[in-house]
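Data first, discussion second: the structure below is written as structure tokens.
The values are calculated or read from the model by the stated rules, or taken from the named source; none is laboratory data. Here the structure is a predicted model, which is why all the values come from computation and not from measurement. In this analysis, Cβ positions are derived from the backbone assuming ideal geometry, glycine residues included, and neighbour counts consider all displayed protein chains. In case anyone asks, the SASA skips ligands and DNA or RNA and just uses the protein heavy atoms, side chains included. Shrake-Rupley method; radii C 1.70, N 1.55, O 1.52, S 1.80 Å.
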Amino acid sequence: MRRLCLAILTLAAPLAAQEPYHDAPAPIARILDAPPLPFASLAPDRAMLLLHERNALPPIADVAAPELRLAGLRIDPRTFGPARSQPLRGLSLVPLEGGAPRRLATPDGARLGTPRWSLDGRRVAFPVEEADGIALWVADVSSGEARRVTPRRLNETLGSGCEWMPSGTELLCRLVPEGLGAPPAEAAPTGPAVQETRGRVAANRTYQDLLRNGADEVRFEHFASSQLALVGLDGTVRPLGEPAIWLSAVPSPDGRWILAQRLHRPWSYVVPAFRFPRTVELLAADGRPVRTLADLPLQDDVPTDFDAVAPGLRRAAWRPGAAATITWAEALDGGDAKREAPVRDRVLALDAPFAGQPRTLIELGFRYDAAAWLPDGRALVTESWWKTRRTRTWLVGGAGAPGLVFDRSSEDRYAHPGNFVTADGPLGRTVLTSPDGRSAYLAGAGASPEGDRPFLDRFELATGRTTRLFRSEPPFYEAPVELLDAEGRRLLTRRESVDEPPNYFIRDLRAKRLVQLTRFADPAPELAGLEPELIHYRRADGVALSARLYLPPGYDRSRGPLPFLFWAYPAEFKSAAAAAQVSGSPYRFVRPSGSSHLFLLTQGYGVLDDPAMPIVGEGGAEPNDSYVEQLVASAAAAVDKVVELGVADRERIAIGGHSYGAFMTANLLAHSDLFRTGIARSGAYNRTLTPFGFQSEERTWWEAPETYTRMSPFTYANRVNEPLLLIHGEADNNAGTFPIQSERMFAAVQGTGGTARLVLLPAESHGYAARESVGHVLWEMTTWLDRWVKGERAMP
């Protein structure tokens, strides 16, 4: 029986129908069925690459399989794992020193989860989804053989089921508890669900899939409960303590301790599981409780400001490079970003055996972001403050006060120094330093006016001086993956060009030699010759803009202008200079996948990809207070540019976008006549339904009602006088983009006499996963544009 997709159309008269799935036109359908390119992970000993072989799109039967939507999670009740997983189909090893790839002996047709290397690089553990649950398998790297370790089933409801112990002979796992019994049966309600508030401020974003009643609470406890256990390679299972709702459990670098987080009641009906009360505790390796670091309450009253955090311990983790030291951050301003405070956070550390008081490593004027640890015990601590877009990095430890390493704007991509390169060691992953310990290494995207040019630098820790070791050179885009030695000589990279798919290489920086490790073929040769052009232009207020221009392969500009689709996504900035910076690269290998708009290139359309739509608020100005005006000005500048280039005419240009890009699309149709039609996928259109902030807007509706109203295209649905295609997944669980957003927008256009089509995709979430759904979305987009831009085909 063919599954159906609901489509609603408004033309001269309303039409509602349940339609069968349609497939995308050639050659799109064939490309959708091709397996995507593999990606790789490097062994800790840097001897092997592990290729993760991915599947093509899953069938709708998989995506629509029964699932439980509880506490912000989507759970497969059959497996005690996440619903809608995207399993791998195989694993292969590629020796870095040369030799043919070897495929690991994984089960035929198996659905594999994310593999994990043992710390010595000798084995790979991976979950396998079986008929009655998730099994733990381990493969031996030298032989390539793989086997199931234990008949016990993993519980991956709250994350990965296992972590390697440092010994490499055991794994710390979360198992489905023995004797758990059958899942709770559906039962008649025992009474109403009640919530009450009395003067307590508890503002939250619009989360979905939350607990709704007592029956949901029981189901959540059933599927989230797990038994911590040490599982040996010989199949022995040593339970640690009693079953609980273990959110995480991570062994210390020396293997003697476990840092664990456990969720506990009271549950909440307004926030998801990651905000439930939790206990952060230390266990001995045999499961004995050692110390409770914190018992954190329900986090349903954290302010919505982006710089706000919950009070108390957060970001607890083992310190790499030490046998057993825990670090964490605590807010000194109560977590309230609106409170004036010279010191916002402090970072603390506590050493084994964890009996004393923690010591303060550094106090910060912004929020703690991350720490990268050097082998000598010093740390590079990064803090940031969203409101001002500032970020700072400090060198902490050793003699003297912390030293400032970087102080920069987080918006300034051109000045980004890169990230410190790390490498696996016997006690975890630390910053890679030169043999004399005086230098570290930085790798980054290398944003520039010519586009991204990834780089590798040597960084002198004492002076901050950098030496450029590598920079990607046109016509290639080559990004560092891993530095293979402390001398900074051999670099693992991933290199591509407009006509060469991404492959892995070893680059000898001194000998200037390049060795290719993989030889992946073009998955879509039909698009050979697809080459983006980076174009630059300015909007009326002088802000510099850029976009990637795509023309169909083989198109000759002398043949005249093309019908065009613009596909964009707005972004907020605090400076016009940052908004003007170029993103992306003209040297990437571009092959569309999923429901990509770039597939329209195969149907005779030009595509302007990611034309900059910056919303700028300099100084004390809020960007969104002039959202509509800036949005229209950016779109007008992009239209003028493609017309000036002679590749498009003003009467045959469409606008489209996904999520916040859909919101943009509806606004442009409501506030301008620049476009012939619009395609809006999985968007939100009425901001009163997201009253506690959205995207980069921190203010609530009650703080900025005029801005919320002005930005909502629902308010101006009567002005949408161009045809609008609305597409939405019926099971969208993204914050703010409830399916009702598209349903109400469609009703508003319909009720005011506009032209629209609403397509609701069964079982699909915010992004579309099933092969049938993706094919249908691309059919909808192609058919809609042919009707309203080309004018060649009538809608059914």
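Within region 21-56, restricting attention to residues that are assigned to a helix (DSSP H, G or I) and in contact with an Asp or Glu (Cβ under 8 Å, 6 or more places away or on another chain), which residue is surrounded by the most Cβ atoms within 10 Å (Cβ to Cβ)? Ranking the candidates gives I31 first.
Counting only strands (runs of 3 or more DSSP E) that sit wholly inside region 415-474, those with at least 3 residues that are more than 20 Å from P502 (Cβ to Cβ) and open to solvent by 40 Å² or more (accessible area, probe 1.4 Å) are 466-471.
Among all residues of region 642-661, there is at least one that is of a type in the set (S, T, N, Q) and closer than 30 Å to K387 by Cα. Just to be sure before I move on: is E743 open to solvent by 40 Å² or more (accessible area, probe 1.4 Å) and free of Cβ contacts under 8 Å to residues at least 60 places away in the same chain in the structure I sent? For E743, the condition - open to solvent by 40 Å² or more (accessible area, probe 1.4 Å) and free of Cβ contacts under 8 Å to residues at least 60 places away in the same chain - is met.
So, T114, is that one assigned to a loop (DSSP other than H, G, I, E, B), crowded, with 21+ Cβ neighbours inside 10 Å, in contact with a strand residue (DSSP E or B) (Cβ under 9 Å, 6 or more places away or on another chain) and not hydrophobic (A, V, I, L, M, F, W, C) or not? Criteria not met by T114. Restricted to region 631-662, and to residues that are surrounded by fewer than 18 Cβ atoms within 10 Å (Cβ to Cβ) and part of a loop (DSSP other than H, G, I, E, B), which residue is farthest from the chain's Cα centre (by Cα)? That would be G646.
Reported count of residues in region 59-69, each being closer than 12 Å to A769 by Cα and either open to solvent by 40 Å² or more (accessible area, probe 1.4 Å) or of a type in the set (F, W, Y) (or both), is 4.
Quick check: anything in region 680-700 outside any strand (DSSP E or B), of a type in the set (A, V, I, L, M, F, W, C) and within 27 Å of T782 (Cα to Cα)? Checked region 680-700: at least one residue is outside any strand (DSSP E or B), of a type in the set (A, V, I, L, M, F, W, C) and within 27 Å of T782 (Cα to Cα).
Within region 701-721, the set of residues being part of a loop (DSSP other than H, G, I, E, B), free of Cβ contacts under 8 Å to residues at least 60 places away in the same chain and open to solvent by less than 60 Å² (accessible area, probe 1.4 Å) comprises S712, V720.
Counting residues in region 588-598 that are buried (at least 16 other Cβ atoms within 10 Å of the Cβ), assigned to a strand (DSSP E or B) and of a type in the set (S, T, Y) gives zero. Cβ-Cβ below 6 Å, separation at least six or inter-chain, first residue in region 36-64 and at positive phi, second open to solvent by less than 40 Å² (accessible area, probe 1.4 Å) and part of a loop (DSSP other than H, G, I, E, B): which pairs? From residues that are at positive phi, the pairs are R46/L484. Can we say Q227 is assigned to a strand (DSSP E or B) and more than 30 Å from V94 (Cβ to Cβ)? It is true that Q227 is assigned to a strand (DSSP E or B) and more than 30 Å from V94 (Cβ to Cβ).
State whether the residues of region 678-685 include one that is of a type in the set (D, E, K, R), open to solvent by 20 Å² or more (accessible area, probe 1.4 Å) and touching a residue at least 60 places away in the same chain (Cβ under 8 Å). Looking through region 678-685, none of the residues is of a type in the set (D, E, K, R), open to solvent by 20 Å² or more (accessible area, probe 1.4 Å) and touching a residue at least 60 places away in the same chain (Cβ under 8 Å).
The requirement of being under 30 Å from D305 (Cα atoms), buried (at least 19 other Cβ atoms within 10 Å of the Cβ) and touching a strand residue (DSSP E or B) at 6+ places or on another chain (Cβ under 6 Å) is not satisfied by T106.
No other residue among E217, E242 is open to solvent by 20 Å² or more (accessible area, probe 1.4 Å) and part of a helix (DSSP H, G or I) apart from E217. Scanning region 256-293 for residues that are under 29 Å from P426 (Cβ atoms), open to solvent by less than 20 Å² (accessible area, probe 1.4 Å) and small (G, A, S) gives A260, A284, G287. Answer yes if at least one residue in region 724-732 is within 21 Å of W784 (Cα to Cα) and not in a strand (DSSP E or B), and no otherwise. Looking through region 724-732, at least one residue is within 21 Å of W784 (Cα to Cα) and not in a strand (DSSP E or B).
Restricting attention to region 723-766, the residues that are among the hydroxyl-bearing types (S, T, Y) and more than 27 Å from V63 (Cα to Cα) add up to 2.
Checked against (1) farther than 26 Å from S773 by Cβ; (2) open to solvent by less than 30 Å² (accessible area, probe 1.4 Å); (3) not in a loop (DSSP other than H, G, I, E, B), G121 passes all but condition (3). Answer yes or no as to whether P501 is in contact with a helix residue (DSSP H, G or I) (Cβ under 9 Å, 6 or more places away or on another chain) and in contact (Cβ under 8 Å) with a residue 12 or more places away in the chain. No; evaluated as a whole, the condition is false for this residue. Whether a residue is of a type in the set (A, V, I, L, M, F, W, C), within 30 Å of P166 (Cα to Cα) and at pLDDT 95 or above was assessed, and A443 passes this test.
Each residue in region 163-185 was checked for being in a strand (DSSP E or B) and open to solvent by less than 10 Å² (accessible area, probe 1.4 Å), and 4 pass. Of all residues in region 738-779, those satisfying the criterion of being within 19 Å of S596 (Cα to Cα), out of contact with any helix residue (DSSP H, G or I) (no Cβ under 8 Å at 6 or more places or on another chain) and in a helix (DSSP H, G or I) are H776, V777, W779. Going residue by residue through region 507-529, is there one that turns out to be open to solvent by 20 Å² or more (accessible area, probe 1.4 Å), more than 25 Å from H416 (Cα to Cα) and part of a helix (DSSP H, G or I)? Yes. Among the residues of region 538-581, the ones that are of a type in the set (V, I, T) and at pLDDT below 95 come to 0 in all.
For region 276-305, a residue qualifies if it is at pLDDT below 95 and in contact with a strand residue (DSSP E or B) (Cβ under 9 Å, 6 or more places away or on another chain), but none of them does. Just checking, does region 189-204 include any residue being touching a residue at least 60 places away in the same chain (Cβ under 8 Å) and in contact with a Ser or Thr (Cβ under 8 Å, 6 or more places away or on another chain)? Yes, the conditions are met somewhere in region 189-204. The sole residue among E698, E706 that is among the charged types (D, E, K, R) and at pLDDT below 95 is E698. Restricted to region 360-405, and to residues there that are of a type in the set (F, W, Y) and in contact (Cβ under 8 Å) with a residue 60 or more places away in the chain, the residue that is farthest from L427 (Cα to Cα) is W386. Return the residues of region 317-357 that are among the hydrophobic types (A, V, I, L, M, F, W, C), open to solvent by 20 Å² or more (accessible area, probe 1.4 Å) and within 20 Å of L380 (Cβ to Cβ); say none if nothing qualifies. Matches in region 317-357: A317, W318, V343. Restricting the search to region 482-500, which residues are part of a strand (DSSP E or B) and either surrounded by fewer than 17 Cβ atoms within 10 Å (Cβ to Cβ) or on the phi > 0 side of the Ramachandran plot (or both)? Passing the criteria: S497, E500.
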